[in-house]
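S.K.: The structure follows.
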Amino acid sequence: MDDVVILVPLKRFDIAKLRLRESGVAAATEIARALAAQVLEASHPRHVIVIGESEEIAAFAHDHGAESFESRATDLNDAVTRAYRFAGERFEYVIIAHGDLREPTGLGTFAPSEGVTIFSDHHGTGTNVLILPTELDFHFAYGVQSARHHLREAHRLHLTTTLVTDSPWRFDIDESDDLGPITHAYGGAEWPPHTTNP
């Protein structure tokens, strides 16, 4: 059994980033694709499994050297649960990373510590990266206050737990305010953004 696999759930790029679209960001599809590409690139040399529900996402995963896991789940938590169980047959730890991290550097080299590690978003409420052993009866709770729910779930299972609120992975792209200079840089040599660790 291998040590660590990275799971990356991805929506179809033409429907991803709904809040960006609603705020009038015309390049939402291209931004979603570019963010996902840099997350997959930052995940190497680890094995990566992309969780998707379309042939487009499967092809995108394969083009970036990743395995694809076809999901017919009802929501994100169901999709992650199914992929987590699938990965548990081959790996000891999973790193579940969102496909819209602004600065995903280090995903491919980060060494998991014992138990569960939760990397929150910059609000301290969402879960941008979640690392945990396989073969647990872990109930995923992505959505509102997911960091708190995942922390509570880890405690339910009596697992050593670390909550990290100040990592570079805390910045994801959900709304137009999250883009900052990225909107102006998009389409030029500055994309994808290269930021220093805060």
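None of the figures in this text is laboratory data; all of them are computed from the coordinates on show. No experiment lies behind these values; they were computed from the predicted model shown. Reconstructed Cβ throughout: ideal geometry from the backbone, glycine too, with neighbour counts over all protein chains shown.
S.K.: About the Cα centre of the range 2-185, how large is the charge dipole given +1 on each Lys and Arg Cβ and -1 on each Asp and Glu Cβ? Please answer in debye to the nearest 20.
M.R.: Values: 16 positive and 29 negative charges, 59 e Å.
Here the size comes out at about 280 debye.
S.K.: How big is the Cα convex hull of the range 9-110 in projection, averaged over all directions, in nm²? If you can, show how the numbers build up before the last one.
M.R.: Numbers: hull surface 25.8 nm².
For the Cα atoms of the range 9-110, the hull's average projected area reads 6.5 nm².
S.K.: Find the percent of Cα-Cα distances in the range 2-185 that exceed 22 Å, and round it to a whole number.
M.R.: Numbers: 7048 of 16836 pairs.
The proportion of pairs with Cα distances above 22 Å equals 42 percent.
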